[in-house]
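Colleague: Below: one structure in structure tokens.
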Amino acid sequence: MVYASSSSVYGDSPQLPKTEHMPTNPLSPYAVSKLAAEAYCRVFTRVYGIETVALRYFNVFGPRQDPTSFYAAVLPRFIEALLCKTPPVIYGDGTQSRDFTYIDNIVQANLLALEAAGVVGEAFNIACGESVTLQAILQYLAEFSNQAVEPEYHAPRAGDIKHSLADISKAERMLGYRPVIPFREGLKRTFEFFRQRRASR
């Protein structure tokens with residue numbers, strides 16, 4: 001069983017990049033639930049022999065995300081704001097950064113984890129190993145949309161971390177994982193999906 005865990009289990013530790021061996025410090029109920037389920041996976045492996053692997057996804061994005069959901073990720077919200085010609089909202093100063101991971105990379109990691117030998121009971125970071133600020137994302141989107149972008153800045157949200165960057169060397173070594181789509185290309189594909197969907201309405 002491949003369990004969809006999250007980079008949120010690391011909390012706001014200043015150590016970068018995040019490695020699987022560093023202490024966890026979840027800061028939200030969501031993060032706590034992810035870490036607890038990882039523990040269940042390890043116990044079910046140890047007690048019942050069920051083969052489990054936990055993949056700690058870092059900021060997954062791609063087509064078909066719902067930008068209107070309360071749990072919507074920042075990228076579809078940014079894109080939808082640009083397409084509606086409204087200011088995208090940044091919580092904080094925009095210098096916070098994330099290791100955004102395009103969905104094709106996540107799919108590849110899941111398939112590899114299902115087949116890899118010697119990984120039962122392990123946890124792996126799944127990301128691009130590349131950190132991008134929210135300000136840089138808006139610059140990319142301004143380029144893709146050929147329009148100026150002026151965000152609105154709001155107070156930071158409780159539980160949000162400042163920076164996130166994954167060390168993916170363990171997944172590379174044990175799963176054979178390599179990101180197949182870099183961040184900028186994934187963002188462009190995602191933007192084009194939302195633009196075409198809006199144009200077809």
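The values are calculated or read from the model by the stated rules, or taken from the named source; none is laboratory data. Everything quoted here is computed from the prediction, not taken from an experiment. Here the Cβ is made from the backbone with ideal geometry for all residues, glycine too, and neighbour counts use every protein chain on show.
Colleague: So how many residues does region 67-125 have that are exposed (fewer than 14 other Cβ atoms within 10 Å of the Cβ), more than 25 Å from Y48 (Cβ to Cβ) and more than 15 Å from the chain's Cα centre (by Cα)?
Modeller: Total satisfying the criteria: 10.
Colleague: Right, next: If you take just the helices (runs of 4 or more DSSP H) that sit entirely in region 91-201, which of them hold at least 2 residues that are under 24 Å from A81 (Cβ atoms), touching a Phe, Trp or Tyr at 6+ places or on another chain (Cβ under 8 Å) and without any contact (Cβ under 8 Å) to a residue 60 or more places away in the chain?
Modeller: Fully inside region 91-201 and qualifying: 183-199.
Colleague: So which residues in region 3-30 are of a type in the set (V, I, T) and within 14 Å of the chain's Cα centre (by Cα)?
Modeller: Selection gives V9 alone.
Colleague: With the requirement that a residue be touching a Pro at 6+ places or on another chain (Cβ under 7 Å) and in a helix (DSSP H, G or I), what does region 1-30 give you?
Modeller: Of everything in region 1-30, those that are touching a Pro at 6+ places or on another chain (Cβ under 7 Å) and in a helix (DSSP H, G or I) turn out to be S8, V9.
Colleague: Ok, one more. Against the condition free of Cβ contacts under 8 Å to residues at least 40 places away in the same chain and either of a type in the set (D, E, K, R) or in contact with a Lys or Arg (Cβ under 7 Å, 6 or more places away or on another chain) (or both), how does R77 come out, does it pass?
Modeller: yes
Colleague: Being modelled with pLDDT of 95 or more, within 18 Å of the chain's Cα centre (by Cα), in a helix (DSSP H, G or I) and surrounded by 13 or more Cβ atoms within 10 Å (Cβ to Cβ): is that true of S33 here?
Modeller: yes
Colleague: Answer yes or no as to whether R98 is farther than 21 Å from G186 by Cα and charged (D, E, K, R).
Modeller: Taking the combined requirement at face value, the residue does not satisfy it.
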